[in-house]
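K.L.:
Please see the structure below; I have some questions.
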Amino acid sequence: MRIEIKDLSHEYDVEVLHDLNFFLEKYKSVAIIGVSGSGKSTLIRLMSGIEKPTKGNIFINGMNVSDESHKKRVGFVFQNHNLFPHLSLKKNITLVLEKTRNKTQEEANEIAEKYLNMLHLSDQMDKLPKNVSGGQAQRASIARALSINPEIVFLDEPTASLDPILTHEVLTAVEELRDIGKEFIFVTHVLSFVHDFADYVVYMYQGQIWEHGLPQILDNPKTQELKDFMRKVR
Ligand code: ADP
Ligand code: MG
């Protein structure tokens, strides 16, 4: 994919992203890492178009992410699964397809089943979110994000609320998606997953892109800040 970030700043009550400039092309799977509060979620939300920047622009694959049509090519998986609690896993997906993608009930069912199968949830799909494990619910929200056939899938710490076993289960399922022809931009604290799944890594520190490169930069950081980070998360 091609990502261009130009003079990007973002402010809530104070400025949290400070004049980012960044260019990347050809990589398919980009990890964003950094300590809590460094601006990872803000950046990924701005890239997905969920939020608008205070200043500057982001272009992904040639399109300004503030264009309305960018929304159509994006799937987003949040830290907490964010499923509708009163709907089965399957209905969570078919509802979105029927309401936002004009699919018939039959088409929606077929697509939902395809992605639920892909995420190993065929035998769980008629259950409510509260009656499945956190890992299963999170896999269902990944299935939901994929079901709209996005070009780019964003995941913001999809395993943050899961224990190590469920974390492994969800991340293994994501790794199996490597060849489905999507591009991924994700935030995670699981460095083994970065090594296995990312082909490019962005390290954020205090609202800036501090260091970036191939995943190997994690084994040999240039900056003291990334060295310190690596020491803490290992
Ligand atoms: P990370 O995802 O790396 O933990 P965030 O992007 O969530 O970082 O946060 C960056 C900074 O912006 C933090 O100081 C955080 O408190 C602040 N922040 C994030 N979201 C909001 C918000 N909706 N309103 C006010 N401040 C926010
Ligand atoms: Mg965050």
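Please treat every number below as a calculation from the coordinates, not as lab data. All values reported here derive from a predicted model rather than from experimental measurement. Positions of Cβ are backbone-derived with ideal geometry, glycine not excepted, and every protein chain shown enters the neighbour counts.
K.L.:
Listed here are the pairs K55/K103; K71/K103; K6/K91; K182/K232; K6/K71; K26/K52; which of them are more than 29 Å apart at the Cα?
P.N.:
With Cα atoms farther than 29 Å apart: K55/K103; K6/K91; K182/K232.
K.L.:
Sort Y12, Y115 so the one with the fewest other Cβ atoms within 10 Å of its own Cβ comes first.
P.N.:
Y12, Y115
K.L.:
For the chain, set up a Gaussian network in which alpha carbons nearer than 10 Å are linked by springs, and say which option among R101, R144, R178 fluctuates the most.
P.N.:
So, out of R101, R144, R178, the one fluctuating most is R101.
K.L.:
Which of F186, Q79, L8 sits farthest toward the positive end of the charge dipole of the chain, with +1 on the Cβ of Lys and Arg and -1 on the Cβ of Asp and Glu?
P.N.:
Looking along the dipole axis, the top candidate is Q79.
K.L.:
Run through the DSSP bridge list for the chain and note the antiparallel percent, rounded to the nearest 5.
P.N.:
Given both bridge residues lie in the chain, the antiparallel proportion sits at roughly 50 percent.
K.L.:
Moving to a separate point now. What are the ³J(HN,Hα) values, in whole Hz, obtained from phi via the Karplus relation 6.51 cos²θ - 1.76 cosθ + 1.60 with θ = phi - 60°, for each residue of the range 15-30 in sequence order, with x given for Gly and Pro?
P.N.:
6, 10, 10, 10, 6, 7, 10, 7, 9, 8, 9, 6, 7, 10, 9, 10
K.L.:
Using θ = phi - 60° and the Karplus form 6.51 cos²θ - 1.76 cosθ + 1.60, what ³J(HN,Hα) does each residue of the range 185-191 get, whole Hz, x for Gly and Pro?
P.N.:
Running phi through 6.51 cos²θ - 1.76 cosθ + 1.60 with θ = phi - 60° gives 10, 9, 9, 7, 9, 8, 5 Hz.
K.L.:
Same structure, new question: When you count, for each residue, the other Cβ atoms within 10 Å and take the mean per peptide, how do 129-139, 213-223, 75-85 rank with the highest first?
P.N.:
So the order, starting with the most tightly packed, is 129-139, 75-85, 213-223.
K.L.:
While we're on this one: Give me the distance between the Cα centres of the range 99-170 and the range 178-221, rounded to whole Å.
P.N.:
Spelled out, the Cα-based centre of one part sits 23 Å from the other.
K.L.:
Determine the calculated [θ] at 222 nm for the chain from helices alone, applying -39500 (n - 2.57) to every DSSP H run no shorter than 4 residues and normalising by the residue count; nearest 500 deg cm²/dmol.
P.N.:
After summing the helix terms and dividing by the residues of the chain, the value is -10000 deg cm²/dmol.
K.L.:
Only Cα pairs under 8 Å and at least 6 apart count here; give the relative contact order of the chain as a rounded whole percent.
P.N.:
26
K.L.:
Shifting gears a bit: Any idea what the dipole of the chain comes to, in debye rounded to 20, about its Cα centre with Lys/Arg Cβ at +1 and Asp/Glu Cβ at -1?
P.N.:
Dipole of the chain, to the nearest 20 debye: 220 debye.
K.L.:
Quick one: plug the Kirkwood hydrodynamic radius of the range 83-149 (C-alpha pairs) into Stokes-Einstein at 4 °C, 1.567 mPa s, and report D in µm²/s.
P.N.:
115
K.L.:
Starting from the exponent 0.38 and prefactor 2.2 Å, build the expected Rg for the chain from its residue count and divide its actual Cα Rg by it.
P.N.:
The reported ratio for this selection is 1.01.
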